[in-house]
Amino acid sequence: MLSAGLGPTASYLLEARGVRKSYGTSEVLRGVDLLVSPGEMVFLIGPSGSGKSTLLRCCNRLEEPTGGSIRVGGIDLLSPKTDINKMRREIGMVFQSFNLYPHMTALGNVALALRKVMKKGRQEAENVARENLARVGLADKARAYPAELSGGQQQRVAIARALALDPRIILLDEPTSALDPELVGSVLSVLRDLRQSGMTMVVASHEMRFAREAADKVLFLDAGLVVEEGAPEEIFARPKEERTQRFLRDVPG
Amino acid sequence: MTMLDRFAATFLDLDVAARYAPEMLAGLLVTLAIGLAVIVTGVGVGLALAVLRAFGFRALDFVLIQIVDILRALPPLVIILIIYFGLPNVGIVIPSFVVLWMSLSAVLAAFSEELFWAGITAIPTGQWLAARASGLGFFQTLRYVILPQAVRIALPPLTSRTISITKNTALGSAIGVNEILGQAISAEAFSANATPLAMAAALYVLLFLPLVIASRSLEHRYRAGRRGWTR
Amino acid sequence: MDALIQEFFNLSIMGRVAPLILRGLGETLLLCAFLVPLGLSGGLGAMLLATSRSRLVRFAAMVSIDFFRSFPPLVLLIFVYSGLPFMGIRVSPVLAIGVAFLLNSSSYYGEVFRAGVLSVPPGQSEAARSTGLSAGQTFLFVVLPQGVRNVLPELLSNTIELVKLTTLASVISAPELLHSADLARSLTYNSSPLVLAAAIYLMLLWPLVRLVRRMERRLVA
C-alpha cells in the first residue's frame with residue numbers, strides 16, 4: 001500500500017547510511033548503516049550505551065545526526081526542506097517508558113494525533129482509535145486513564161497510539177525493558193501479530209528469545225558501531241566476532 | 001526636550017542625588033536593620049512553632065493552623081495599620097519601626113512555620129524509627145536527624161518567601177518609618193524631583209537582586225521531584 | 001479589655017461605616033477582576049519568553065523577571081504614579097496600579113508557569129512529536145495542560161498574594177477596600193473600620209488559603 005506521504009517504490013523502506021551522532025566531545029554513533037526492507041523486522045542488540053536508542057531516535061529525527069544520511073521511503077529525512085511532522089506520520093515510535101499522556105484517557109491518547117495531525121473529525125478519530133485499541137486487545141479500556149492501567153497495558157496503548165496513524169514503519173525502543181516479567185508476554189504477543197500483518201519494524205531490545213523467533217535480521221551494536229549483522233540463526237548460534245560472543249554470553253535468554 | 005532628556009532630568013539628576021545621598025543611605029541602613037530583624041524573628045519563631053507541632057498535641061495543632069492561616073490570608077498593610085493606629089488609642093504606644101517589625105515577623109513566622117512543617121513531614125518515618133531505635137531521645141532525634149534534613153528541604157521556598165516578605169519593609173513608609181522608600185518620598189517632595197525615587201529603586205534592586213538570583217539557583221538544585229503524574 | 005473592644009470591635013461604628021466599606025469591597029473585587037487575568041496572561045507571556053529556544057531571548061526574559069521580583073511592588077507603584085508626572089506624563093491611580101502590578105505579577109506568575117512547564121517529563125513531548133504533532137500543538141495539548149496542573153497550588157497561592165497586593169492601592173488613594181477603611185478610620189478616630197476590612201479580607205482569602213493547603217497535600221500524597 002502506497003501512502004501519499006512517501007515517494008514511489010524505494011528498495012529500502014529505511015535507508016540509514018554512515019549515521020554519526022556526537023554530544024559535545026563524546027561520539028555515541030560512529031558511522032552506522034541500517035537498511036530495512038518493507039515487511040522486515042530488524043532487531044538491534046548491544047550493551048547499554050552502544051547507541052541503539054540514539055540510532056532509533058535519529059530515524060525519526062528526535063535526535064539530529066551529526067553526520068550521515070537517512071532516507072525513509074526514498075525521502076531524505078534530514079533535509080531542511082522535508083516536512084518532518086508529515087514524515088513522522090509514516091514513522092511510528094514506541095518508547096521504553098511508554099510516555100502516555102496522563103491527563104487523557106487511553107482513547108484520548110490514541111486519538112490526539114488523529115484529530116490534530118490528520119485533522120479527522122471527533123467521531124471519526126474516536127472510531128479509528130477504538131479500532132486500534134481493539135487491535136492491541138484493549139477495546140474495553142478505552143475510557144481508562146494511564147494511571148489505572150498496568151505497565152503492559154500502557155505499553156499496548158502506546159503501540160495503538162503509534163499504529164493509529166497507519167505508519168509504514170514502527171521503531172520500538174526497548175519496548176519491554178520497563179515491564180515486570182509477567183507483563184512482557186502480552187506486549188510481545190501484540191508485536192508478533194504486528195509482524196504477521198506485515199508491518200515493518202525496527203526493535204532495540206534485550207528479548208533475545210523473541211529476536212530468535214521473529215527477527216529477519218539482527219544487528220549487534222557496540223560503542224557506536226555495528227560489530228556484526230546477519231540472520232538471527234547466524235548471530236545467536238555462530239557469532240563471528242569476539243565482542244558479540246562476549247555480549248551473548250553475558251545476557252540471559 | 002526629548003523624551004530621553006526629560007527622563008534624565010526627572011530621574012537621573014546628579015545634583016539631587018548627591019544632596020540626598022546621605023538620607024538615602026540612612027534609609028538603606030534602616031531597611032537592612034529591620035529586614036534582618038524580621039528574618040531572624042520570623043524564621044526563628046516559625047521554626048519553633050514547627051517544632052512545637054512535632055509534639056503532636058491535637059488541640060495545639062488545630063489552634064496553630066487557624067492562626068497561621070489567618071496570618072497568611074491577611075494583607076500585611078492591614079495588620080500594620082490596625083496595630084499602628086489602634087494601639088495608641090488604648091494607651092499602648094509603640095514606635096512605628098517596631099510595629100513594622102512585629103507585623104512582618106508575624107507574617108513571616110506563619111509562612112515559614114508551614115514550610116518547615118512541610119519539610120519535617122516530608123521525612124520518612126523510617127528516619128525517626130532508626131534514630132529512636134539507636135537510643136536517641138526525641139529532642140536529639142529532632143536536632144541531629146530530622147531538622148537538618150527538613151531545613152534543607154524547606155530552604156528554597158523559604159528563601160523566596162522571605163524575600164517577598166522582607167520587600168514589604170517598604171510599607172513602613174506608610175507609617176512614617178525612615179526606611180529607603182520613606183526617605184525617598186520626603187526627598188522627592190522637598191526637591192520637587194523624582195531622582196530620589198530612582199535612587200530608592202536602585203537601592204532595593206541592588207539589595208534584593210543577588211538574593212533573588214541566589215534563591216533561584218537554590219530552587220534549581222533542590223527541586224523536590226515529588227510533582228508530576230508519571231512515575 | 002473594654003477599651004480594646006471600643007477601639008477595635010466597636011459594632012456601632014462598624015455599622016455606620018459599612019456602606020463605605022462595602023463600596024470599597026466592590027472596588028477591590030473590580031480591581032482583582034482585571035488584575036488577575038492581566039497577571040496570568042503576562043505570566044504566560046513571560047514563561048513563553050523564558051522557555052524560548054533563543055538563548056538571548058531566554059536570558060533577557062530571566063533578567064527582567066528577576067529584576068521585577070527584586071523590586072518591591074509599593075516602590076514600583078509609587079515610581080509609576082508619582083514619578084512619571086515629573087516627566088509630564090499624567091497617570092491615573094488605576095493605570096499606575098495596572099502597570100505596576102502587571103510587571104510585578106507577570107514575573108511571579110511567569111516563574112510559576114515556567115516551573116510547571118519544566119516539570120513535565122521530556123518523554124511527553126517526544127512521544128507527541130513522534131506522532132507528527134508540531135511543536136506548537138505539542139506545547140498546547142500535551143505540555144501546558146500537565147504543566148499547569150502540576151503547579152495549580154502555586155498559581156492559587158500567587159493569586160492570593162495579588163489580591164493582598166491591592167491593599168497597596170490605598171497608599172496612592174485609589175478606590176479600594178483598605179483605602180475606604182482607612183478613610184473611615186480617620187473620620188471616626190477609631191480602628192474598627194480597619195478591623196471590619198480585615199474581616200472582609202479574611203472572608204475572601206481564608207477559604208482560598210485552606211484550599212491551597214488541601215491541594216498541596218493532595219499533590220504530595
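So for the pair C:Ser186, C:Arg53, with labels modelled 7 Å out along Cα→Cβ, what separation do we get in nm?
Inter-label distance under the simple model: 5.7 nm.
Which lysines, on any chain, are close to A:Lys217 with Cα under 18 Å apart, when same-chain ones fewer than 8 places away are left out?
Within the straight-line limit of under 18 Å, A:Lys217 reaches these lysines: A:Lys52, A:Lys240.
Tell me the Kirkwood radius of region A:90-134: reciprocal of the mean inverse pair distance over distinct alpha-carbon atoms, in Å.
Values: mean 1/r = 0.0902 Å⁻¹.
Over region A:90-134, the inverse of the mean reciprocal pair distance is 11.1 Å.
Hey, how many Å between the Cα centroid of region A:110-184 and the Cα centroid of region A:199-253?
28
Would you mind ranking B:Phe57, C:Phe67, C:Phe139 by Cβ crowding within 10 Å, fewest neighbours first?
On the way: B:Phe57 12, C:Phe67 15, C:Phe139 19.
Ascending number of Cβ neighbours within 10 Å: B:Phe57, C:Phe67, C:Phe139.
Output needed for chain B: three equivalent-ellipsoid semi-axes, defined as square roots of 5 times the C-alpha gyration tensor eigenvalues, in descending order, whole Å.
Numbers: eigenvalues 344, 103, 38 Å².
With the √(5λ) rule applied to chain B, the semi-axes are 41, 23, 14 Å.
Hey, how many Å between the Cα centroid of region B:108-131 and the Cα centroid of region B:161-194?
36
Given the C-alpha centroids of region C:95-172 and region C:59-80, what is the distance between them in whole angstrom?
Centre-to-centre (Cα) distance: 17 Å.
For chain B, what does the helix formula give at 222 nm: sum of -39500 (n - 2.57) over DSSP H segments with n ≥ 4, over the residue count, nearest 500 deg cm²/dmol? Provide the component values of the computation, followed by the final result.
Working: 9 runs with 176 residues, N = 231.
Result for chain B: -26000 deg cm²/dmol, rounded to the nearest 500.
From Cα pairs below 8 angstrom and at least 6 apart in sequence, can you work out the relative contact order of chain C, rounded to a whole percent?
Values: 230 pairs, mean separation 66.6, N = 221.
For chain C, the relative contact order is 30 percent.
Among B:Leu197, B:Leu155, rank each residue by its count of other Cβ atoms within 10 Å, from fewest to most, as a rough exposure measure. Intermediate results must be reported in sequence, preceding the final value.
Working: B:Leu197 23, B:Leu155 18.
Placing the least packed residue first, the sequence is B:Leu155, B:Leu197.
State whether region B:11-121 is rounded, prolate or oblate according to the following rule on the C-alpha gyration tensor (a ≥ b ≥ c being the square roots of its eigenvalues): a/c under 1.5 gives rounded; otherwise a/b larger than b/c gives prolate, and the remaining case gives oblate. Mind dumping the intermediate values first?
On the way: a/c = 3.10, a/b = 1.88, b/c = 1.65.
Prolate is the answer for region B:11-121, as a/c is 1.5 or above and a/b outweighs b/c.
If you stretched the chain out fully between B:Leu136 and B:Arg19, how much longer would it get, using 0.36 nm times the residue separation minus the C-alpha to C-alpha distance?
Values: separation 117, 0.36 × 117 = 42.12 nm, distance 6.17 nm.
Stretched fully, the B:Leu136-B:Arg19 segment lengthens by 36.0 nm.
With +1 on each Lys and Arg Cβ and -1 on each Asp and Glu Cβ, how big is the dipole of the protein assembly as shown about its Cα centre, in debye rounded to the nearest 20? Display every interim value, and only then the final one.
Details: 67 positive and 53 negative charges, 187 e Å.
Around 900 debye, computed over the protein assembly as shown.
Using only the alpha-carbon atoms of region C:86-164 as identical scatterers, what base-10 log of I(q)/I(0) does the Debye formula give at q = 0.13, 0.24 Å⁻¹?
The calculated log intensity ratios at q = 0.13, 0.24 Å⁻¹ are -0.56, -1.04.
Rank these for me by crowding, A:Ile45, A:Ile75, going from fewest to most other beta carbons within 10 Å. Intermediate values should be presented prior to the final figure.
Working: A:Ile45 27, A:Ile75 18.
Ascending number of Cβ neighbours within 10 Å: A:Ile75, A:Ile45.
Going out from 0 in 10 Å bins, what whole percent of all Cα-Cα distances in chain C drops into each bin?
8, 25, 29, 21, 11, 5, 1, 0
Once you have all Cα-Cα distances for region A:41-106, histogram them in 5 Å bins from zero and send the whole-percent values.
3, 13, 23, 23, 17, 13, 7, 1
At 10 °C and 1.306 mPa s, grab the translational diffusion coefficient of region C:1-120 from Stokes-Einstein with a Kirkwood Rh over Cα pairs, rounded to a whole number in µm² per second.
Values: Rh = 17.0 Å.
Once the numbers are plugged in, D ends up at 93 µm²/s.
For chain A, find the longest principal axis of its Cα atoms and tell me its angle to the long axis of helix A:122-135, 0 to 90°, nearest 10.
For helix A:122-135, the angle is close to 50 degrees.
With a ≥ b ≥ c taken as the square roots of the eigenvalues of the C-alpha gyration tensor of chain A, please select rounded if a/c is under 1.5 and otherwise prolate if a/b is larger than b/c or oblate if it is not? Can you show the working numbers first?
Details: a/c = 1.80, a/b = 1.30, b/c = 1.38.
Since a/c reaches 1.5 but b/c is at least a/b, the shape of chain A is classed as oblate.
Which angle from 0 to 90°, rounded to the nearest 10, does the C-alpha axis of helix B:14-54 make with the longest principal axis of chain B?
That helix lies at roughly 10 degrees to the long axis.
Note down the magnitude of the dipole of chain C about its Cα centre, charges +1 on Lys and Arg C-beta and -1 on Asp and Glu C-beta and zero elsewhere, to the nearest 20 debye. Before the final figure, lay out the partial values.
Details: 17 positive and 11 negative charges, 122 e Å.
My answer is approximately 580 debye.
Among the lysines, which fall within straight-line cross-link reach of A:Lys86, defined as a Cα-Cα distance under 17 Å, with same-chain neighbours fewer than 8 residues apart omitted?
Leaving aside lysines fewer than 8 places away in the same chain, those within reach of A:Lys86 are A:Lys116, A:Lys119, A:Lys120.
Could you pull out every whole DSSP H run in chain C that spans at least 15 Å of Cα extent along its own axis and averages -1.0 or higher on the Kyte-Doolittle scale?
Working: long enough: C:11-50 (53 Å, 1.56); C:55-70 (22 Å, 0.75); C:93-118 (37 Å, 1.08); C:152-165 (20 Å, 0.73); C:177-188 (16 Å, 0.44); C:192-220 (41 Å, 0.99).
Long hydrophobic helices here: C:11-50, C:55-70, C:93-118, C:152-165, C:177-188, C:192-220.
Along the charge dipole of region B:139-230, Cβ charges K/R +1 and D/E -1, which of B:Leu203, B:Asn193, B:Leu142 sits furthest on the positive end?
So the residue furthest toward the plus end is B:Leu142.
If you count, for every residue in C:139-148, the Cβ atoms of partner chains within 10 Å of its Cβ, what is the mean?
On the way: counts 0, 1, 8, 6, 1, 0, 4, 7, 1, 1.
Averaged over the peptide's residues, the number is 3.
How many partner chain Cβ atoms sit within 10 Å of a residue's Cβ in peptide C:117-127, on average, as a whole number?
Values: counts 0, 2, 5, 5, 6, 1, 7, 8, 2, 8, 15.
Mean partner-chain Cβ count within 10 Å for C:117-127: 5.
Any idea what the alpha-carbon Rg over 2.2 N^0.38 Å comes to for the protein assembly as shown? Write down the numbers at each step before the final one.
Values: Rg = 32.1 Å, N = 705, 2.2 N^0.38 = 26.6 Å.
That works out to 1.21 for the protein assembly as shown.
Please determine, in degrees from 0 to 90 and to the nearest 10, the orientation of helix B:58-73 with respect to the longest principal axis defined by the Cα atoms of chain B, where the helix direction is its Cα long axis.
Between the helix axis and the principal axis of chain B, the angle is about 20 degrees.
For region A:32-173, which semi-axes, largest first and in whole Å, follow from the square roots of 5 times the eigenvalues of its Cα gyration tensor? Spell out each step's value before the answer.
Numbers: eigenvalues 153, 67, 32 Å².
For region A:32-173, the semi-axes come out at 28, 18, 13 Å.
What does the structure give for A:98-109 when I average, per residue, the other chain Cβ atoms found within 10 Å of the residue Cβ? Show your work: numbers first, answer last.
Working: counts 4, 11, 5, 10, 10, 8, 4, 0, 0, 0, 1, 3.
Averaged over the peptide's residues, the number is 5.
Here, each number is a calculation from the coordinates, and none is a lab measurement. Treat the numbers as computed from the prediction; the structure is a model and nothing was measured. Quick reminder, even Gly has a Cβ in these numbers, built from the backbone with ideal geometry, and neighbours come from all protein chains shown.
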